[in-house]
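Engineer: Got a structure here, written out as structure tokens. Questions coming.
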Amino acid sequence: MRLIVGISGGSCAIYGVGLLKVLKELNIETHLVVSTMGEYVLEHECGYKLEDVRKLASYSYDNKDLGAAIASGSFKTDGMVIVPCSMKTLAAVANGYSESLLTRAADVCIKEGRKLILVPRETPLSPIHLENMLKLSRIGVKIMPASPAFYNNPKSISDLVAFMVGRILDQLDIEHSLFIRWGEQNG
């Protein structure tokens with residue numbers, strides 16, 4: 001399996017790092033691209049330098065490198081996850097504005113009919129945000145707001161991250177045991 005992971009400037013960069021860690025443990029090939037604000041949020045929220053996060057991926061690209069493999073539809077992937085996905089990135093993807101490698105790779109997934117999952121983290125949502133999400137959802141893009149569950153009684157931030165990463169993996173049909181599923185609590 002070959003996946004693209006994008007990290008943009010929305011809060012919750014910890015989900016992107018968590019996803020990369022799990023995909024590495026599962027020996028899944030990853031292609032990472034991080035926006036300028038994504039790099040800032042990684043350091044500000046998580047204390048990670050971009051170089052450290054790049055080590056979690058199989059391959060990593062500069063967001064300005066529009067000649068990278070992931071910018072082409074002929075480079076086959078199984079899909080892409082942008083986690084977190086800023087409203088700027090979401091708007092660019094929704095409107096086909098491919099001015100960076102991150103948004104071009106998402107555009108390629110849409111045009112090639114590949115899985116694309118966006119994990120936005122914003123509140124409250126404006127009508128513009130909602131319209132962009134609806135536009136993307138109608139063409140098959142999965143919109144997964146960074147909304148962890150509490151039915152499994154999380155004890156730590158790691159538990160919250162594991163739940164969200166697990167739900168992303170579910171959308172990619174990747175088996176995992178990151179959290180207890182609803183109905184499995186007592187049995």
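Engineer: I'd like the full set of residues that are farther than 20 Å from Arg138 by Cα and either touching a strand residue (DSSP E or B) at 6+ places or on another chain (Cβ under 7 Å) or touching a residue at least 12 places away in the same chain (Cβ under 8 Å) (or both), limited to the stretch 84-120. Give the steps one after another, and end with the answer.
Structural biologist: Step one: filter the stretch 84-120 for residues farther than 20 Å from Arg138 by Cα, giving 84, 99-102.
Those that are farther than 20 Å from Arg138 by Cα and either touching a strand residue (DSSP E or B) at 6+ places or on another chain (Cβ under 7 Å) or touching a residue at least 12 places away in the same chain (Cβ under 8 Å) (or both): Pro84, Ser100, Leu101, Leu102.
Engineer: Of all residues in the stretch 83-98, how many are farther than 10 Å from Cys109 by Cβ and either assigned to a loop (DSSP other than H, G, I, E, B) or among the aliphatic types (A, V, I, L, M) (or both)?
Structural biologist: Residues of the stretch 83-98 farther than 10 Å from Cys109 by Cβ: 83-92, 94-98.
Filter once more, so that each one left must be either assigned to a loop (DSSP other than H, G, I, E, B) or among the aliphatic types (A, V, I, L, M) (or both): 83, 86-87, 90-92, 94-98.
Within the stretch 83-98, residues that are farther than 10 Å from Cys109 by Cβ and either assigned to a loop (DSSP other than H, G, I, E, B) or among the aliphatic types (A, V, I, L, M) (or both) number 11.
Engineer: Taking the stretch 53-65 as the region of interest, how many residues are surrounded by fewer than 19 Cβ atoms within 10 Å (Cβ to Cβ) and within 15 Å of Val5 (Cα to Cα)?
Structural biologist: Going through the stretch 53-65 one residue at a time, the tally reaches 6.
Engineer: Still on this structure, I have one more. Which one of these does Asp65 not meet: (1) more than 24 Å from Ser126 (Cα to Cα); (2) touching a Gly at 6+ places or on another chain (Cβ under 7 Å); (3) in a loop (DSSP other than H, G, I, E, B)?
Structural biologist: For Asp65, the exception is condition (2).
Engineer: A further question on this structure: Here is a list: Gly73, Gly113. Which entry is touching an Asp or Glu at 6+ places or on another chain (Cβ under 6 Å) and farther than 26 Å from Lys21 by Cβ? Quick ask: steps written out before the conclusion?
Structural biologist: Numbers: Gly113 fails: touching an Asp or Glu at 6+ places or on another chain (Cβ under 6 Å).
The match here is Gly73.
Engineer: Within the stretch 25-39, how many residues turn out to be in a helix (DSSP H, G or I), over 20 Å from Asp159 (Cβ atoms) and either out of contact with any helix residue (DSSP H, G or I) (no Cβ under 9 Å at 6 or more places or on another chain) or among the aliphatic types (A, V, I, L, M) (or both)?
Structural biologist: We begin by selecting, within the stretch 25-39, every residue in a helix (DSSP H, G or I); these are 25, 36-39.
Now narrow it down to the ones that are over 20 Å from Asp159 (Cβ atoms): 36-39.
Add one more test, that the residue is either out of contact with any helix residue (DSSP H, G or I) (no Cβ under 9 Å at 6 or more places or on another chain) or among the aliphatic types (A, V, I, L, M) (or both), and what stays is 36-37.
Looking only at that region, the number is 2.
Engineer: If a residue must be at pLDDT 95 or above and either closer than 21 Å to Gly16 by Cα or touching a His at 6+ places or on another chain (Cβ under 8 Å) (or both), how many such residues does the stretch 138-152 contain? Spell out the reasoning first.
Structural biologist: In the first step, residues of the stretch 138-152 are kept if they are at pLDDT 95 or above; the result is 138-145.
Right, trim to either closer than 21 Å to Gly16 by Cα or touching a His at 6+ places or on another chain (Cβ under 8 Å) (or both) and you get 141-145.
Total satisfying the criteria: 5.
Engineer: From the list Thr89, Thr36, Thr30, exactly one residue is farther than 24 Å from Gln171 by Cβ and within 16 Å of the chain's Cα centre (by Cα). Which is it?
Structural biologist: On the way: Thr89 fails: farther than 24 Å from Gln171 by Cβ; Thr30 fails: farther than 24 Å from Gln171 by Cβ.
Every option except Thr36 fails the conditions.
Engineer: Filter the stretch 6-33 down to the residues that are touching a Ser or Thr at 6+ places or on another chain (Cβ under 8 Å), under 14 Å from Leu50 (Cα atoms) and among the hydrophobic types (A, V, I, L, M, F, W, C), then identify the one that is surrounded by the fewest Cβ atoms within 10 Å (Cβ to Cβ).
Structural biologist: Step by step, filter the stretch 6-33, then rank; the result is Leu32.
Engineer: Given the criterion among the charged types (D, E, K, R), under 12 Å from the mean Cα position of the chain (by Cα) and either part of a helix (DSSP H, G or I) or surrounded by 15 or more Cβ atoms within 10 Å (Cβ to Cβ) (or both), identify the matching residue among Arg104, Arg167.
Structural biologist: Values: Arg104 fails: under 12 Å from the mean Cα position of the chain (by Cα).
When all the criteria are applied, what remains is Arg167.
Engineer: Sticking with this structure for a sec: Of all residues being surrounded by fewer than 15 Cβ atoms within 10 Å (Cβ to Cβ) and either in contact with a Cys (Cβ under 9 Å, 6 or more places away or on another chain) or touching a residue at least 12 places away in the same chain (Cβ under 8 Å) (or both) in the stretch 34-46, which is nearest to Lys76 (Cα to Cα)? Just the residue, please.
Structural biologist: Thr36
The values are calculated or read from the model by the stated rules, or taken from the named source; none is laboratory data. Treat the numbers as computed from the prediction; the structure is a model and nothing was measured. When we count neighbours, we look across all protein chains shown, and the Cβ atoms used for this are built from the backbone with ideal geometry, even at glycine.
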